[in-house]
Structures are given as structure tokens and as C-alpha cells.
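What follows is a set of notes on a single structure, which appears directly below.
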Amino acid sequence: MKNFFNPFLALSFLAIVLTSCGTTDSGELVGASDRPDWKGISPYGMVYVPSGTAHVGNSDQDITGTYIQRPQRITINGFFMDDTEISNNEYRQFIHWIRDSIAHDMMGDFDENGNIDWEMELDLSDESLADMYLEESFAGRRQTNVNLYDYSYQDVDWGAAARARPEGRSGEGMAEYVDNTPVNIYPDTLVWVRDFTYSYNEPMARSYFSHPAYDNYPIVGIDWKMARAFSHWRTTLWNSVNETLIEEFRLPTEYEFEYAARGGREHAQYPWGGPYVRNGKGCLLANFKPGRGNYADDGGGYTVPVDAYYPNDYGLYNMAGNVAEWTVTAFYENANSFVHDFNPDIRYNAKDDDPIGMKRKVIRGGSWKDISFYLQCGTRAYEYQDTTKSYIGFRNVLSFTGRSINDF
């Protein structure tokens, strides 16, 4: 058989292919060639909650909650969620980052661009850092000047940006809808004394955040803005060491929390299914206030480690009990009557001088000091955004970028 292979023609064809792929020189529409590669991520300590639908709302015949927990069918996009509540030691990483940035600033450790040079070694006992501590000591230990531990995060008023008409804009782009929100991020350790009058909780106030025995316990004494500041810092931390940018770490919406708490179980009363708070052996399934106040019956008088008890079917721990958790959602009694059924949420970033009723934020999951009703997946509760409590913590979520994993 005659061989029709022509090396010259093959090389010419290869040259044409190589010069036309990935460039605009050929006149073809091939897309921009300088885009980063995206293969998805799997954030450490997070699990994927798949896209889907669920019936949310009241799980029991509760007359008083009929109009604030009206049953509704919703659809939620997939997202990553921390498998546990944020622990004391995880939040301490944030504290240490703030501490080190203050120290570097005091020492003048800056690079040629005016940014902090994190490669410079720190000696926190250096006398030039004396202003980081109070003059008075307590029990022989230097006391940190917590007033220095400030952090500013950005708030974007997306609603205002969406409503604005081009002729009404100032020309500054999104900058005109961005506010820098400063907040002191050091946890309020005195919540253990403040929350419970005529109760001896001073050991918890002294030790809960500082002692290594509680490193894996949920952070408390955090208000809503402090939780959001942590989320912003966590995003910045990721983007500082990873080439591929991600969606921001954030607080979940209340319906993302409820959807995740149900663990894919339709009409589940509790994250483990329900309708009981004990298993077949009589063991309690969460950390809450059983009976008439036998706090220790579930194995924990106060909080317990963030990975205590069994996770739900999504692999999420303590979606009921231990500490109630902040959501990003503003609390309105009748919200179920007008929120959308696709990724429902309602927000209002209250100002300091707003009426107190405008500062309510939804908390979910119930806590170690609550009765079992507050542990139910459909139970809504609230706390004021500028309030710190010994029974409220938080965890982060991260919106999934692209088509849902469960669709592939």
C-alpha cells in the first residue's frame, strides 16, 4: 500500500494548531488565555452540604410559634460548612494574628511597600511592646490590653447597590456601598458571671478561654459583629496564601443552618431524626438542659468539646445543643410570609443608634442551658447583635462555586 504520510504537511498542520490555540491572533473566539485554573477546593474542617429542597419550619404542634415558624418548602444551593462550632483555639489563632500585627506595627516591621513584614521574628517580652499590656498584673501574670485588639471588616450594602439606578450613582462603583466596620474582637470572658446572677461561675470566667483544657470547646462571649470579623479575617488568611480566590467565609443564613441541621432527613424534628432526645439505650443525644435542670445528665454541665456526640447525616457535629449559633439573618417574626423560597434570607445591618428591635439576629440550634424545644431543627430564636453570651457561638459556611457536587 502506498504511504501517503507527508512530514512537511504534518509539521505545517501542527504549527497552525499551536499558533491558533489559546491566542486571539487567529481571529477565532477562544476566550481569554490568562485565566487561572479552577479545579475546586476542599476546605480543611468543612463538609459539603449538597444542593436540595426541604420542608422547613415548625416541627411540632406549637401554637405560640405558628406564625414565626410557618412551614415552607425551600431550595438551598450547595455550600461548605464547618463540621464543628469554632473552638477556643481556632479563635485564638485570630487573636494571635491581631496581637502579632500590633507588635509588628509597634516594632516598625514593614517591607518596602509599607506592609507588615511577617518574616521578622517577634519577642513579645521586648520592653518596646510594654503598651500591649496593662500596668497592673493579676495573680502574678501580665494582663493583655484588650482595648488594642481591634479589627475592621467590610460591609457591602448589596440591596442598595441593586436598587440604585445608573443616573443616581456617584461614579465610585461598589466603593460607595462599602462601609468599614471596626470591632473589638477579644472575647468577653465575663459573660459567665454576667449571664447567671447568684451563681458561682467565676472559675469559667477565669479559665474558659485561657486554659488549654478548653481549647477544643466552643468559643463564647462573641457578638454578631465579632463573628463576622472572624469570617472576614479567615477569608483574608486564605487569600493571602492561595493563588485562587474563593467566595468569602461567612455566617450561614438561618435557612442554610436549618437545612444543614436536618441532614437530609425530611421533616426531621432533631438533627438525628427524632422525635426523642435519647437513643434506644437511654443516652442523651445532645448537650442541653434535660428534665427539670439535670445539666450533667448529658455528660456536660456547661459546654462540651465541639466534636462531642454523634454527627448528623451530613457529618456536622452539635447542630443542636452545646451552644446556639449566630446566623447572618435579621429576625422578623413574620419573615416566613415574604422571604423567597430559593435561598431565603433577610438582612439588616443595624447601626448603633438604631432601635433595639432592629438589632435582632436569628440564632439557631439551642444551647447547653436550653430545654429540648430549642434544639428542634425548626425552632427560631434571636439575640441582639451587640450582645455577648456564654451560650452563643458560631460556625462558618462557604458558598460552593459552580455546579453542585451532587449533580455530577
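Please treat every number below as a calculation from the coordinates, not as lab data. A quick note: this is a predicted structure, and the numbers were derived from the prediction, not measured. Here Cβ is always computed from backbone atoms with ideal geometry, including for glycine, and neighbour counts include all displayed protein chains.
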Between I41 and I356, the FRET efficiency computed from the C-beta separation at R0 = 60 Å comes out, to the nearest 0.05, as 0.90
Find the percent of Cα-Cα distances in the chain that exceed 32 Å, and round it to a whole number. 46 percent
Could you give the dipole magnitude of the chain about its Cα centre, charging the beta-carbon of Lys and Arg +1 and that of Asp and Glu -1, in debye to the nearest 20? 2040 debye
Spatially near lysine pairs across the chain, Cα under 12 Å, sequence gap of 8 or more or different chains: 6
Normalised convex hull volume, the range 258-297, alpha-carbon set, Å³ per residue: 80 Å³
So for the chain: antiparallel DSSP bridges make up what percent, rounded to the nearest 5? 90 percent
So if I place +1 on the C-beta of Lys and Arg and -1 on the C-beta of Asp and Glu, and nothing else carries charge, what would the dipole magnitude of the range 205-312 be about its Cα centre? I want it in debye, nearest 20. 440 debye
GNM on the chain, Cα springs under 10 Å; top mean-square fluctuation among L251, L124, L284 goes to L124
What does the convex hull of the Cα atoms come to per residue for the range 274-408, in Å³? 157 Å³
Efficiency of FRET from Cβ geometry, W97 and I246, R₀ 30 Å, rounded to 0.05: 0.95
